[in-house]
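J.: Questions regarding the structure given below will be posed in turn.
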């Protein structure tokens, strides 16, 4: 991804304040609530019957944290997202069979969650930087699909 | 996609919270969209798109007023938005992909300004609402 120096530093400064467990859980939870068809990958997660059940589901929270921690790793390798996510890309294609459209959906939900948590601090400039990153990560995760 | 009674309640409650910030939120959503998704600027080559642009503020108000009208006519969206639908189909011809981009930026704006009200169910209802409006606005394209 092509980020200016300012974008990179803004992005990193915000990420330092992110509670990966909280935000990861909320992002994944909201994905499952707002786009219920995404639940197709998580039938083994137990009760996803109501928005409340989803948001409080411990498996959702745990998995959300895992996903966001991985995303956070990606932020350290913005010059080589494809390389960084190569193995995960193969996994999502060959084992998990996840349509890459879902990465784009989750990326945008993450942006909305960051906006909710950081309010005014999540300026249009910061959003722009994060939109570039979520698009880059989504593309990287789709890169090894065949 | 159908708006359930619960969706309609959520949408109306959320929009009431927006109150007289609607025009500001509309303008902010546009600013976010132009910055995050530069291709959207191609429809506004005749606008000053700088920060605090009067034209963007004016257009944000237009968008917000249309959404306010839509909120008041959730059961009859195609009818209420018919003129706007004609406008987008025959004059503006904005590619359908762009409605998703503006909708997303509207959600980001609402989330940033109304964090406590923007619960997951409300988020879901508003996403459906904006998708419904987008569908109506592109319904006469061909």
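Any read-out appearing in this document is the output of simple, stated calculations on the displayed coordinates, not a laboratory observation. As the structure is a prediction and not an experimental result, all values here were calculated from the model. Glycine gets a Cβ as well: all are built from the backbone with ideal geometry, and neighbour counts include every protein chain shown.
J.: Quote to one decimal, in nm, the extra length available between residue A:12 and residue A:96 on full extension: 0.36 nm per residue of separation minus the C-alpha distance between them.
T.: Fully extending the segment from residue A:12 to residue A:96 adds 27.2 nm.
J.: Oh, and also: Springs between alpha-carbon atoms under 10 Å, Gaussian network over chain B: tell me which of B:129, B:118, B:47 tops the mean-square fluctuations.
T.: B:47
J.: How big is the Rg/Rh ratio for the protein assembly as shown, C-alpha atoms only, Rh by Kirkwood, two decimals?
T.: Checking Rg against Rh, the ratio lands at 0.96.
J.: Given the options B:19, B:72, B:58, which has the most mean-square fluctuation in a GNM of chain B, springs set between C-alpha atoms less than 10 angstrom apart?
T.: Answer for the Gaussian network model of chain B: B:19.
J.: Related question: Looking at the P(r) of chain A, how many percent of alpha-carbon pairs lie beyond 28 Å?
T.: Across chain A, Cα pairs with separations above 28 Å total 16 percent.
J.: With a ≥ b ≥ c the root eigenvalues of the C-alpha gyration tensor of region B:66-130, is it rounded (a/c under 1.5), prolate (a/b larger than b/c) or oblate?
T.: Oblate.
J.: Next question. Please arrange B:137, B:30 by counting, for each residue, the other beta carbons lying within 10 Å of its beta carbon, fewest first. Write down the numbers at each step before the final one.
T.: On the way: B:137 23, B:30 28.
Result, fewest neighbours first: B:137, B:30.
J.: Using a Gaussian network for chain A with springs between C-alpha atoms less than 10 Å apart, which of these wobbles most: A:70, A:49, A:89?
T.: Judging by the Gaussian network model, the answer is A:49.
J.: To make sure I understand, if each residue's beta carbon is the centre and we count other beta carbons within 10 Å, what order do A:55, B:33 fall in, fewest to most?
T.: Ordered from fewest to most neighbouring Cβ atoms within 10 Å, A:55, B:33 come out as A:55, B:33.
J.: Round to the nearest 0.05 the FRET efficiency obtained for residue B:4 and residue A:39 when R0 = 22 Å and r is the Cβ-Cβ distance.
T.: 0.80
J.: Shielding of B:108-116 by partners, i.e. mean partner chain Cβ atoms within 10 Å per residue?
T.: So the per-residue partner count for this stretch is 6.
J.: Could you give the length gained by full extension between residue B:12 and residue B:62, i.e. 0.36 nm per residue of separation minus their alpha carbon distance, to one decimal place?
T.: 16.1 nm
J.: Now for a different question. Quick one: length gained pulling residue B:79 to residue B:20 fully straight, 0.36 nm per residue minus the C-alpha distance?
T.: Values: separation 59, 0.36 × 59 = 21.24 nm, distance 2.49 nm.
Taking 0.36 nm per residue and subtracting the Cα distance, the gain is 18.8 nm.
J.: Here's a follow-up. In deg cm²/dmol and to the nearest 500, what is the mean residue ellipticity at 222 nm of the protein assembly as shown if only DSSP H runs of at least 4 residues count, each as -39500 (n - 2.57), divided by the residue total?
T.: Helix-only estimate at 222 nm: -20500 deg cm²/dmol.
J.: Continuing with the same structure: Out of every Cα pair in region B:5-138, what percent are spaced more than 28 Å from each other?
T.: Numbers: 1036 of 8911 pairs.
Result for the distance tail: 12 percent.
J.: Sort A:104, B:32, A:40 so the one with the fewest other Cβ atoms within 10 Å of its own Cβ comes first.
T.: Numbers: A:104 17, B:32 27, A:40 11.
The fewest-first ordering by Cβ neighbours comes to A:40, A:104, B:32.
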